[in-house]
Structures are given as structure tokens and as C-alpha cells.
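Remarks on the structure that follows.
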Amino acid sequence: MISEFPLFCFTTLAGLAAGAYAIRAVFPISGRDSKQWIFPLACLALLGAGLIFLPFHLTHPERIPLALTQPGAMIAQEAYWSAAFGAIILVDFVVAKVKGLSPRALQMAGGVAALGLMVVMSNAYYVSLGVEAWASWQTFALFLFGDLAMGAALVIPLNGGGYRDGKLSWTMAVLGALAAVACVLEAMHFMASGSDGVLLVVGAILAVVAVIVAFVAKTEKWNPSALAWAAFLCAFAAVAFARYGFYAACVL
């Protein structure tokens, strides 16, 4: 297991929550629905699960309160943005549960917080001095497009089960393609830096598979809901493989 496994879990799960919420802020679910609370609850659960792993990145997890008093520390900045994002999601969940629909302004605020969290997570590695392969602009592309691609892939099955929303489905396809390109570019950078880029290439392939499955789902010749979930699993696996390969560079 890689030494950065806690960070792998945090950035993958919290990144999924942030990516999905950012996409939902752009493509809101229309109309009141007694089940609209499910989406913020899912995002809250993913973010919470990711945050459970964050303290274990420290040699002494019990010192996380001390780390949070250092605003310049990247782990503190990730925690601050996660807290702000989580607070907005929680309010979204409560309002949606009570009224059936949360205010558009609240969703947009959550989208901004989600984007901020994704940028902070990316920057934590861009400014890293310990691993040469991480300090590149490709790191931002890998994290941002990866989070948004798997986020869009999750929003679709939670937004009715299929790919009836043309703009949303095309957005997912474009983001999936950009995530694949980002994986390839990062793999090339890794290999030029003397690191292994194989898992990044695997991530790129899975991202393309996710886009293909999404297009098959759009034809509605088979079960569109099942295929939408299959596309999400492919997108999630793409990010997981790529991100694991990204963190594996720290052991070289």
C-alpha cells in the first residue's frame, strides 16, 4: 500500500463530492421533489468519508487540531474549505428535506466552495517540494478534470437515471475526454521525470470507456439507468487508478 493512501482516499472521495456538487450547481434539478435531499446527502456522506482519512496523513493523527491552527499548511487549507463546503451541503440537505427544493443561490454558493476545495487540493501537490513529478501544471488538470468528470457521471444517474438532458450528457462526455487527456499528459510528465506513468494511462483508458458507455446509454437501447451507473463506475475507476499512480510517485 502507498504511504499516501489516506490522501488518496480523501482527495478521491472529497473530490467526487466537490465535482458532483459543482456540476449540479450548473445543471440544477428542476422542480420540487420529495427526494431531492438524496443528492446533498450523498455528497455529504462522500465528503465525510474522505475527511475521516485526512488526519491519518499525519504521523500523529491526534495532532490534527494543532495542524489546523497553521493557516499556511495545505492540510489546514483543505480542512477549512472542506468545512465550508460541508456546511453548505448540510444546509442544502436540510432545506431540500423540508421544502423539497433548495434555493438556487445556495446551490451556487456550494458550487463555488466545491471549486475552491478542488483547486486547494490540486495546489497542495503543485507546491510540493518533496516530489518533482507533482510540481507541474498537469497536476491541476489531472485533479480538476478528474473530479468534474466523475462528478458529472454521478449527477446523471442521481438526476433521473438516464442521459435525457442533452447538455448534461455532452458535458460529461467532454469532461471525460479532458480527464483522459489530462491523464496522458501527466503520464508523459511522470515518465520524463523518471516516475512510473502506467496507472495514469490505465486511468485514461477507463475515462474513454466511461464516455463510450455514456453514449451507449444515450441511445436508450438498453437499460439507461444501469448504463448510467456503469458509466459512473468507469469514471470513478479512471480517477482512482490515475490518482493511485499519482501518489505512487512519492515512493520513488
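The values are calculated or read from the model by the stated rules, or taken from the named source; none is laboratory data. Only a predicted model underlies this, so the values are computations on that prediction, with no experimental measurement involved. For neighbour counting, all protein chains shown are included, and Cβ atoms are generated from backbone atoms with ideal geometry for every residue, glycine included. The area values use the complete protein model at the heavy-atom level, side chains included, leaving out ligands, DNA and RNA. Shrake-Rupley method; radii C 1.70, N 1.55, O 1.52, S 1.80 Å.
Scan the stretch 76-87 and tell me whether some residue there is assigned to a helix (DSSP H, G or I), in contact with a Gly (Cβ under 6 Å, 6 or more places away or on another chain) and either open to solvent by 20 Å² or more (accessible area, probe 1.4 Å) or at pLDDT 90 or above (or both). Yes: one or more hits. When the criteria are applied in full, ALA105 meets the requirement of being surrounded by fewer than 16 Cβ atoms within 10 Å (Cβ to Cβ) and either in a helix (DSSP H, G or I) or touching a helix residue (DSSP H, G or I) at 6+ places or on another chain (Cβ under 6 Å) (or both).
Figure legend. Inter-residue proximity from the stretch 100-120: first residues free of Cβ contacts under 8 Å to residues at least 40 places away in the same chain, second residues among the acidic types (Asp, Glu), beta-carbon distance below 8 Å, spacing 6+ or different chains. Indicated pairs: LEU106/ASP92.
Hey, does the stretch 127-148 have a residue that's open to solvent by 40 Å² or more (accessible area, probe 1.4 Å), over 25 Å from CYS250 (Cβ atoms) and part of a helix (DSSP H, G or I)? So far as the stretch 127-148 goes, no, none of its residues is open to solvent by 40 Å² or more (accessible area, probe 1.4 Å), over 25 Å from CYS250 (Cβ atoms) and part of a helix (DSSP H, G or I). The set of residues in the stretch 129-176 that are under 21 Å from TRP222 (Cα atoms), modelled with pLDDT of 80 or more and in contact with an Asp or Glu (Cβ under 8 Å, 6 or more places away or on another chain) contains only ILE156.
For the stretch 108-126, a residue qualifies if it is aromatic (Phe, Trp, Tyr) and surrounded by 20 or more Cβ atoms within 10 Å (Cβ to Cβ), and exactly one does: TYR125. Could you grab the pairs with beta carbons closer than 8 Å, sequence gap of 6+ or different chains, first residue in the stretch 128-149 and over 16 Å from HIS189 (Cβ atoms), second one hydroxyl-bearing (Ser, Thr, Tyr) and at pLDDT 95 or above? Nothing qualifies. Identify, please: which residue in the stretch 209-226 is assigned to a helix (DSSP H, G or I) and touching a residue at least 40 places away in the same chain (Cβ under 8 Å) and is, among those, nearest to LEU178 (Cα to Cα)? Applying the filter and picking the extreme gives ALA210.
Among the residues of the stretch 114-131, those identified as more than 13 Å from the chain's Cα centre (by Cα) and farther than 13 Å from GLN77 by Cβ are SER128, LEU129, GLY130, VAL131.
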